[in-house]
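Q: First the structure, which I've put down as structure tokens, then a few questions once you've had a look.
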């Protein structure tokens with residue numbers, strides 16, 4: 001695992017072009033072991049001693065002090081998604097049009113088509129499908145009964161999309177991706193993913209390098225102790241596990257980080273309402289447990 005100064009040096013070499021992206025990734029990750037944590041390293045412990053204060057900055061306690069990070073690094077894959085999205089947006093802005101034939105081929109190659117049934121008489125969408133009665137379908141618009149609905153061909157639907165991208169028939173998510181996840185998309189979604197794919201293919205190296213530099217910056221910030229406070233074990237665990245911090249008003253009870261005070265410091269009416277809400281939630285949870293409802 002690279003040290004703080006090692007990461008800074010690696011970032012500098014990659015940014016200046018002294019080393020390429022693949023070598024930078026290798027130097028960053030090749031000696032990384034599953035479960036390895038930076039705070040077990042000698043480098044961390046030595047620099048920690050320079051930053052940690054002699055009491056908790058939240059409650060002023062002095063027992064079992066630690067450096068509490070207020071932010072944590074994102075994964076490289078998260079930055080990759082974020083930067084790819086930015087490049088896709090720029091590509092779409094400068095290449096808004098897609099050749100109809102290319103789009104048609106892309107749809108056929110990557111998606112299964114599950115067409116929406118249409119009434120053969122009036123062409124209204126989604127006729128009522130009956131289980132016991134025959135004929136099987138009943139059009140709710142014209143009351144026509146039939147067994148065999150009509151369907152639009154993929155080419156017809158794509159033509160309609162090119163004529164009017166807001167038309168109701170092109171909004172349906174009737175295309176299922178052929179990959180692992182089998183996601184449902186409409187034609188607007190598919191157009192975006194095609195343009196995103198083209199942007200990614202055109203700028204693969206730039207996207208990956210930009211994402212990796214952001215990833216390095218994030219980890220350097222984390223190892224620098226820039227965004228940290230000294231906290232006791234109790235305050236640190238409440239923040240990490242429950243996103244709770246000590247109430248600034250009474251400095252006795254912990255509160256959710258999104259609230260200004262703890263329940264005990266609320267005005268009487270609001271405190272009573274909050275406690276009633278908590279009790280109701282506990283009762284509801286207990287009932288679910290008794291009924292073995294997840």
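Any read-out appearing in this document is the output of simple, stated calculations on the displayed coordinates, not a laboratory observation. Model, not experiment: these values are computed from the prediction. Heads up, the Cβs are rebuilt from the backbone with ideal geometry, glycines too, and the neighbour counts pull from every protein chain shown.
Q: Let me understand the range 32-73 better: what is its radius of gyration from the alpha carbons, and its Dmax, in angstrom?
A: When restricted to the Cα atoms of the range 32-73, Rg and Dmax are 12.4, 37 Å.
Q: Right, another one. What do you get for Rg/Rh over the range 1-113 if you use C-alpha atoms and the Kirkwood form of Rh?
A: Computed over Cα atoms, the ratio is 1.19.
Q: With a ≥ b ≥ c taken as the square roots of the eigenvalues of the C-alpha gyration tensor of the range 52-138, please select rounded if a/c is under 1.5 and otherwise prolate if a/b is larger than b/c or oblate if it is not?
A: oblate
Q: How much length is gained on full extension from residue 13 to residue 109, taking 0.36 nm per residue of separation minus their Cα-Cα distance?
A: On the way: separation 96, 0.36 × 96 = 34.56 nm, distance 4.14 nm.
Length gained between residue 13 and residue 109: 30.4 nm.
Q: Okay, next question. Would you kindly calculate the translational diffusion coefficient of the range 77-206, applying Stokes-Einstein with the Kirkwood radius from alpha carbon pairs, for 37 °C and a viscosity of 0.692 mPa s, and quote it in µm² s⁻¹ without decimals?
A: The diffusion coefficient I find is 195 µm²/s.
Q: Then there is this: Which of 29, 44, 181 comes first, and how do the rest follow, when ranked by fewest Cβ neighbours within 10 Å?
A: So the residues, fewest neighbours to most, are 181, 29, 44.
Q: Compute the separation of the alpha-carbon centres of the range 163-241 and the range 57-98 and state it in Å as a whole number.
A: 10
Q: Summing -39500 (n - 2.57) over the DSSP H runs of n ≥ 4 in the chain and dividing by its residue number, what mean residue ellipticity at 222 nm do you reach, to the nearest 500 deg cm²/dmol?
A: About -15500 deg cm²/dmol.
Q: Which order do the peptides 113-124, 266-277 take when ranked by the mean count of other beta-carbon atoms within 10 Å per residue, highest first?
A: Working: 113-124: 15.3, 266-277: 11.9.
Packing proxy ranking, top to bottom: 113-124, 266-277.
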